[in-house]
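Structure first, then comments.
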Amino acid sequence: MGFRIQRKSILGMNEKVHRGTLRLFFGKIYFQWKRYWVWFLERKSFATTKISFQEIQERFPVSIFKHSSPIYRKLRDVPMYLQENKRVNLSIAISKLDGVILRPNQVFSFWYLVGKPTKHKGYLPGMQLRNGSFIERTGGGLCQMANLIYWMTLHSPLEVKERWRHSFDIFPDSERTLPFGSGATLSYNYIDLQIKNTTKQSFVLQLWIEDDFLKGEWFSDVENPFIYQVYESYHGFHAEPWGGYTRRNTIRRKKISKDTKEILEDVLVTENTAWMMYEPLLESK
């Protein structure tokens, strides 16, 4: 969770921009209250209605896409108790998100539904990425939930309205199964994951934890005539003039007809650039 501001130098390369502590603090306050104001003005457009598991089965029998990710990963220099705490944090967030209905023209907002992750609500210290390293922060680890929802949404007709990415790559790949840069980062409340339903059908999100895996699935009441293939069209490591490395890739999505297997669209999803905090091709330990 967290991001870093970037700008272009005269040579066109990305450079790190350092902001003063006070400037960062007041900037965060400004953007948080700006978000609160938007929530107030547009409150009728946000999805809030939830239904039970039984109602999902009865009213939304069509599975659009499902995915799962391991809660525990081998990460160098990361205490295991932070990952145990992450499981608790994910469980609390699930109670706020599981079963939410996304009707036509409504917007799913992660933070609007989950609220601020505080100790009072039962959240524990978890791992949070910041400025190329990790810190312990109450509610840390919720990015895994955003990653899961974002990836599932890319395989649906839903539109990603807001998504932020990490600007640092601090760990070598460890059992990665998805393309680099295919996740979404969070920071309450101004760095959000928002999804808009621009279709004429309703969707419902189901989330749960099973056998040390975080699992999720989008359901609908109408069969989707398309399938979506999300793929990496470019990936590379770049040596930069300032002495470090950046990792870059391009992610695209194909929209394919289920009936004819014809590729109807092949569009850009995102281009990622992240400063690497380890040497390229370093083996994870």
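The values are calculated or read from the model by the stated rules, or taken from the named source; none is laboratory data. Just so it is clear, the model here is predicted, and its values are computed rather than measured. Note that each Cβ is placed from the backbone with ideal geometry, even for glycine, and that neighbours are counted across all protein chains shown. For accessibility, only protein heavy atoms count, side chains too; no ligands or nucleic acids. Shrake-Rupley method; radii C 1.70, N 1.55, O 1.52, S 1.80 Å.
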Binned Cα-Cα distance frequencies in the stretch 96-173 - 5 Å width, integer %: 3, 11, 20, 24, 17, 14, 8, 2, 0
In order through the stretch 84-89: 3J(HN,Hα) via Karplus (6.51 cos²θ - 1.76 cosθ + 1.60), integer Hz, x for Gly, Pro: 5, 5, 4, 4, 4, 4
At most 12 other Cβ within 10 Å, DSSP loop - chymotrypsin sites (Phe, Trp or Tyr not before Pro), the stretch 26-110: Tyr72
Whether the stretch 82-132 is rounded, prolate or oblate, judged on the alpha carbon gyration tensor where a/c under 1.5 counts as rounded: prolate
Estimated distance in nm for a label pair at Phe53 and Thr198, the labels positioned 7 Å out from Cα along Cα-to-Cβ: 3.5 nm
Under 5 Å, built H, 5+ apart or other chain: amide partners of Leu193: Phe110, Trp111
Apportionment of accessible area to carbon and sulfur, the chain, percent (1.4 Å): 54 percent
Per-pair calculated FRET efficiency, R0 = 22 Å: Asp211 and Lys119 via Cβ, rounded to 0.05: 0.20
Heavy-atom surface of the chain, accessible at 1.4 Å and reported per residue (Å²): 53 Å²
Trp164 long-range amide H proximity, modeled H, under 5 Å: Thr185
Relative contact order for the stretch 94-230, counting Cα pairs under 8 Å that sit 6 or more residues apart, in percent: 33 percent
Bins of 10 Å from zero: percent of alpha-carbon pairs in the stretch 44-194: 10, 39, 36, 13, 1
Residues Phe26 and Lys74, FRET efficiency given R0 of 30 Å [Cβ-Cβ distance, rounded to 0.05]: 0.20
Additional length obtainable on full extension of the chain from Leu41 to Ser95, 0.36 nm per residue less Cα span: 16.9 nm
In Hz, Karplus ³J(HN,Hα) per residue of the stretch 143-153 (6.51, -1.76, 1.60; θ = phi - 60°; x = Gly, Pro): 4, 4, 5, 5, 4, 5, 5, 4, 5, 5, 5
Average projection area in nm² (convex hull over Cα atoms of the stretch 122-279, one quarter of hull surface): 11.6 nm²
For the stretch 166-256, the fraction of alpha-carbon pairs in successive 10 Å shells from zero, as %: 10, 30, 38, 17, 5, 0
Equivalent ellipsoid semi-axes - Cα gyration tensor, the chain, angstrom: 30, 24, 20
Sum of side-chain charges, Lys161 neighbourhood, beta-carbon under 13 Å (Lys, Arg +1; Asp, Glu -1): -2
In order through the stretch 92-98: 3J(HN,Hα) via Karplus (6.51 cos²θ - 1.76 cosθ + 1.60), integer Hz, x for Gly, Pro: 5, 5, 4, 4, 8, 10, 4
Cα gyration tensor shape of the stretch 146-197, rounded if a/c is under 1.5, else prolate or oblate by comparing a/b with b/c: oblate
Distant-in-sequence amide H partners of Gly141 (H built 1.01 Å from N, under 5 Å): Met127
Difference of contour (0.36 nm per residue) and Cα-Cα distance, Thr177 to Arg253: 25.7 nm
Signed unit charges on C-beta, dipole axis of the stretch 90-202, positive-most listed residue Phe134, Ile92, Leu154: Ile92
Percent RCO, i.e. relative contact order, over the chain, from Cα pairs under 8 Å lying at least 6 residues apart: 22 percent
